[in-house]
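Comments concern the structure below.
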Protein chains: 2
Amino acid sequence: MPSSPIRKLVPYSEVAKSKGVKVYHLNIGQPDIETPAVALDAIRNYSDKVIEYSHSAGVLSYRKKLAGYYEKIGIHVSADEIIVAAGASEAILFAMQSTMDPGDEIIIPEPFYANYNGFAVNSGVIVKPIPSDIEGGFALPPMSEFEKAITPRTKAIMVCNPNNPTGYLYSREELELLRKIVLKHDLYLFSDEVYREFCYDGHKHFSVMQLEGLEQHVILIDSVSKRYSACGVRIGCMISKNKEVMATAMKFAQARLSPPSLGQVAGEAALDTPDSYFVSVLEEYLSRRNLVVEAINKIPQAFCPNPKGAFYVVARLPIDDSDRFCQWLLEDFDYNKQTVMLAPATGFYATPGKGKDEVRISYVLNLDDLKNSMICLAEALKVYPGRTN
Amino acid sequence: MPSSPIRKLVPYSEVAKSKGVKVYHLNIGQPDIETPAVALDAIRNYSDKVIEYSHSAGVLSYRKKLAGYYEKIGIHVSADEIIVAAGASEAILFAMQSTMDPGDEIIIPEPFYANYNGFAVNSGVIVKPIPSDIEGGFALPPMSEFEKAITPRTKAIMVCNPNNPTGYLYSREELELLRKIVLKHDLYLFSDEVYREFCYDGHKHFSVMQLEGLEQHVILIDSVSKRYSACGVRIGCMISKNKEVMATAMKFAQARLSPPSLGQVAGEAALDTPDSYFVSVLEEYLSRRNLVVEAINKIPQAFCPNPKGAFYVVARLPIDDSDRFCQWLLEDFDYNKQTVMLAPATGFYATPGKGKDEVRISYVLNLDDLKNSMICLAEALKVYPGRTN
């Protein structure tokens with residue numbers, strides 16, 4: 001199993017800190033945004049005397065309320081089409097293990113969220129990457145690329161929408177193309193939509209659950225982690241209208257007994273988060289995205305698309321090797337006793353050699369810190385010994 | 001993957017309830033004991049503004065405090081020899097996947113905790129059961145049985161001590177025998193010790209971590225679920241002094257990002273539970289065990305060993321088929337509008353046909369309810385059509 005592209009740099013960030021250098025962490029998807037007060041209050045008001053197991057599929061009242069949340073955004077599901085899991089992580093494991101045998105293949109446009117690799121290894125499933133490219137802003141690859149990658153062992157296609165690491169928001173038109181290929185080859189379509197709420201510039205999220213005729217094919221992966229800035233609750237879910245898939249997934253769910261009970265308390269309460277919370281969070285993220293995209297595009301020879309979702313960008317930098325560059329930023333560089341920690345994009349590609357001139361930047365810090373981070377990055381690129389042009 | 005022996009009866013318990021029959025749930029390991037106040041208070045005093053990911057191995061302060069807990073009970077481990085997991089369930093998955101390849105074999109005395117099967121299937125590992133028997137109170141099988149079961153693919157032996165489902169407490173002498181065979185064949189020794197605190201009649205728990213010369217072999221599985229009656233927090237851990245195993249397990253831990261943060265808050269606080277809590281909990285469980293064992297042994301043709309640990313017994317009843325009997329109790333029987341839900345022991349055996357005249361009883365209800373349950377059971381056996389003698 002490959003190392004996490006994010007965590008392998010941790011020892012180097014300790015080096016920087018030991019020299020008194022302030023490290024701006026743009027490498028992780030842990031937002032600084034506050035968890036909604038309704039969720040924190042629910043935890044503080046926890047009144048049970050025994051912290052019991054919940055139903056293996058999750059507390060029924062929570063699943064019912066979740067169904068109501070989906071209804072409001074145009075996704076029609078019932079409580080028994082939802083299995084609450086320990087984060088999207090466990091939901092993806094359940095989904096893979098309930099639909100695929102060892103040796104089966106799943107097609108994923110790259111770059112993709114690095115942990116998908118881990119879940120695939122864990123499930124004995126083989127990831128077949130197909131390229132999306134930075135010039136096109138990481139749009140959905142053409143259908144010909146999917147067709148080329150399909151073999152008799154192909155069981156599923158997976159997308160993340162809006163995308164981690166690229167921030168790309170798939171359009172309804174792109175998803176309709178996916179619909180056709182899924183039906184043509186009778187595949188499952190996994191869609192990780194944990195960043196659904198974070199769409200910018202007037203763009204609206206369209207879910208694969210809204211595609212017609214895919215009821216037996218679509219598996220939706222979701223999580224409260226990013227939506228409510230509550231990564232630590234470890235509450236996500238797997239949703240499908242395919243009864244056979246759900247029955248199999250329930251066996252995996254029962255084997256691990258129950259999703260976290262306290263996290264479900266927070267998750268259920270979070271569904272009452274007022275719209276005003278998201279209005280201000282979205283404003284904040286939008287300002288951050290604008291700042292980062294603008295700053296990077298001002299750096300000579302650097303390029304950053306302007307993604308419409310999530311809170312990540314993948315930028316191309318004039319560097320020889322993003323792993324080396326990110327390590328150098330921590331070990332050998334500082335600007336006024338400050339530096340930045342970025343995620344080398346190599347870890348988000350399954351194809352060896354790809355992503356060497358790209359980094360992922362998470363805009364999870366406030367505007368002042370982001371501004372300082374971008375100054376550091378620009379200064380670093382002036383002096384980095386592995387600069388390519 | 002086999003169905004859970006416990007949950008497949010749930011629809012039938014709904015039948016009983018729909019007829020206005022009170023069902024005593026002796027089928028599950030969810031204690032009615034209150035979670036320690038220190039743990040509940042910690043949740044209510046949660047003051048973070050953002051519920052963040054923890055370290056993938058668990059919060060460092062928690063792991064350090066856990067090491068202190070183990071030190072006090074004679075188990076010497078450091079914080080970096082502990083990976084906090086989402087319950088013992090996830091810890092077992094990490095342990096299997098970090099030490100075994102698909103097709104490798106693990107020897108487990110049966111009856112054993114049914115979910116081990118699920119984790120083994122999930123890991124591609126083959127469970128080789130060896131028999132422990134009710135006449136001997138489910139003591140450790142003789143070494144000759146282990147020797148017979150060992151093949152070139154055998155990588156590990158697993159025990160649960162005190163045992164679920166039998167309540168059997170392995171003695172130091174028995175574990176010393178295991179030590180020899182583990183060394184002789186260079187195997188891993190997994191020990192699930194989540195019921196460690198629940199030992200009766202003056203018996204003390206001895207951990208495999210205290211066996212000499214097994215530092216590179218032993219993997220300890222633990223959980224706060226039963227110890228602090230907090231099954232819903234989903235916090236357990238995997239412990240090993242084998243650095244290579246721990247490094248591999250960390251990759252699995254990183255792939256799922258973090259164990260539940262709120263559960264860790266409860267788990268860390270629970271370490272301050274006063275000894276008086278355990279004194280009264282033990283007294284309570286002991287009274288319950290005595291009541292159950294005595295009541296069953298008074299039933300003609302029934303037999304129940306007197307186990308020294310956990311909060312389970314496996315009893316032999318004069319019945320044709322424990323699955324049929326347990327279903328009949330729910331569907332077709334009541335005594336004064338009351339009945340009992342038991343776990344058929346068949347689900348705890350990997351060998352087909354075994355456990356047909358045995359049931360597992362969890363003594364997780366108060367003495368009054370237990371007394372009524374035992375009356376129901378005795379009355380049921382007077383009229384059960386599948387009674388064997």
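Among the residues of B:260-268, the average count of other protein chain beta-carbon atoms within 10 Å of the residue beta-carbon is 6.
Computed from point charges on the beta carbon alone (+1 for Lys and Arg, -1 for Asp and Glu), the dipole magnitude for segment A:84-159 about its Cα centre is near 160 Debye.
Of all DSSP-defined beta bridges confined to chain B, some 45% are antiparallel rather than parallel. To the nearest 10, the accessible area of residue B:304 is 0 Å² with a 1.4 Å probe.
Surface composition of the protein assembly as shown: carbon and sulfur atoms hold 52% of the protein heavy-atom accessible area at a 1.4 Å probe. With one equal scatterer per alpha carbon and no solvent term, the Debye-computed log10 I(q)/I(0) for segment A:150-305 at 0.16 1/Å reads -1.07. Phi-derived couplings, Karplus 6.51 cos²θ - 1.76 cosθ + 1.60 at θ = phi - 60°, listed residue by residue for segment A:349-366: 10, 8, 7, x, x, 7, x, 5, 10, 10, 10, 9, 10, 9, 8, 9, 10, 5 Hz, with x used for Gly and Pro. Simple point charges give the picture: +1 on the Cβ of Lys and Arg, -1 on the Cβ of Asp and Glu, and for the protein assembly as shown a dipole about the Cα centre of about 120 debye. Counting Cβ atoms of other protein chains within 10 Å of each residue's Cβ and taking the mean over peptide A:40-47 gives 4. In this structure the amide hydrogen of residue A:50, modeled in the peptide plane, comes within under 5 Å of the amide hydrogens of B:35, none closer than 5 places in sequence on its chain. Close amide H pairs (under 5 Å, H built 1.01 Å from N) link residue B:26 with B:341, residues at least 5 positions away or on another chain. Cross-link partners for residue A:298 among the lysines, with Cα-Cα distance under 27 Å and sequence neighbours closer than 8 places in the same chain left out: A:22, A:308, A:337, A:354, A:356, A:371, A:382. A viscosity of 1.306 mPa s and a temperature of 10 °C, combined with the Kirkwood radius over C-alpha pairs in the Stokes-Einstein formula, give the protein assembly as shown a diffusion coefficient of 58 µm²/s.
Annotation for residue B:37, label-to-label distances across the other copies: 3.0 nm (shortest first, one decimal, point 7 Å from Cα along Cα→Cβ). Across peptide A:120-132, the average count of Cβ atoms from other chains found within 10 Å of a residue's Cβ is 1.
Across the copies of the chain, residue A:76 has label points (7 Å from Cα along Cα→Cβ) spaced 6.6 nm apart, shortest distance listed first. Relative to the 2.2 N^0.38 Å rule of thumb, segment B:2-104 has a C-alpha radius of gyration ratio of 1.55.
Phi-derived couplings, Karplus 6.51 cos²θ - 1.76 cosθ + 1.60 at θ = phi - 60°, listed residue by residue for segment A:17-23: 4, 5, 8, x, 8, 6, 10 Hz, with x used for Gly and Pro. Per-peptide packing, taken as the mean over residues of other Cβ atoms within 10 Å, places A:268-278, A:245-255 in the sequence A:245-255, A:268-278 from highest down. Accessible area of residue B:160 (1.4 Å probe, protein heavy atoms only, ligands and nucleic acids ignored): about 10 Å².
Proximity of backbone amide H atoms, modeled 1.01 Å from N, is registered between residue B:85 and B:236, B:237, B:238 at under 5 Å, excluding neighbours fewer than 5 places apart on the same chain.
Counting only the Cα atoms, segment A:58-108 fills a convex hull of 105 Å³ per residue. Translational diffusion coefficient of segment A:37-270 (Stokes-Einstein, Kirkwood radius from Cα pairs, 20 °C, 1.002 mPa s): 119 µm²/s.
Here's the picture: charge each Lys and Arg Cβ at +1 and each Asp and Glu Cβ at -1 in the protein assembly as shown, and of A:351, A:247, B:58 the one pushed furthest to the positive end of that dipole is A:351. Each Cα pair under 8 Å and six or more residues apart adds its sequence gap; the mean of these over the residue count of segment B:240-389 is a relative contact order of 23 percent. Over segment B:240-389, the pair-distance histogram of Cα-Cα distances with 10 Å bins from zero comes to 10, 29, 24, 20, 15, 3 percent, rounded to whole numbers. Residue ranking by accessible heavy-atom surface, 1.4 Å probe, largest first, among B:217, B:185 comes out as B:185, B:217.
Take residue B:172, push a point 7 Å out from Cα through the beta-carbon direction, and compare it with the same point in every other copy: 7.4 nm, smallest first. Using a cutoff of 8 angstrom between alpha carbon atoms and counting only pairs six or more residues apart, the relative contact order for chain A works out to 26 percent. Buried accessible area for the A:B pair, summed, 1.4 Å probe, in Å² rounded to 100? The contact between B and A buries close to 4200 Å².
Counting only DSSP H runs of at least 4 residues, each contributing -39500 (n - 2.57), and dividing by the residue count of chain A, the helix-based mean residue ellipticity at 222 nm comes to -12000 deg cm²/dmol.
Counted over the protein assembly as shown, the DSSP beta bridges are approximately 45% antiparallel. A 1.4 Å probe run over segment B:16-75, with the rest of the protein chains in place, finds 44 Å² accessible per residue.
Evaluating kT/(6 pi eta Rh) at 10 °C and 1.306 mPa s, with the Kirkwood radius of segment B:57-145 over Cα pairs in the Stokes-Einstein relation, gives 104 µm² s⁻¹.
Quick one: check the C-alpha center-to-center distance for segment A:119-157 versus segment A:84-98, whole angstrom. Result: 20 Å between the Cα centres. Using Cα centres only, tell me the gap between segment A:343-389 and segment B:260-314 in whole Å. With segment A:343-389 and segment B:260-314 each reduced to a Cα centre, they are spaced 55 Å. Packing-based ranking of B:354-363, A:350-359, B:148-157 yields B:354-363, A:350-359, B:148-157, ordered from highest to lowest mean Cβ neighbour count within 10 Å. Between the listed residues B:129, B:188, B:168, the Cα displaced farthest toward the positive end of the dipole of segment B:68-208, a dipole computed from Cβ unit charges relative to the Cα centre, is found at B:188.
Shape verdict for segment B:97-157, please, from the Cα gyration tensor: rounded (a/c under 1.5), prolate (a/b greater than b/c) or oblate. It is oblate, given that a/c is not under 1.5 and a/b is not larger than b/c. A simple charge model with +1 on the Cβ of Lys and Arg, -1 on the Cβ of Asp and Glu and nothing else charged puts the dipole of chain A at about 400 debye relative to its Cα centre.
The values are calculated or read from the model by the stated rules, or taken from the named source; none is laboratory data. This structure is a prediction, so every number in the text was calculated from the model and none was measured. FYI the Cβ positions are ideal-geometry reconstructions off the backbone, even for glycines, and counts take in every protein chain you see. SASA here: full protein model, heavy atoms, side chains in, ligands and nucleic acids out. Shrake-Rupley method; radii C 1.70, N 1.55, O 1.52, S 1.80 Å.
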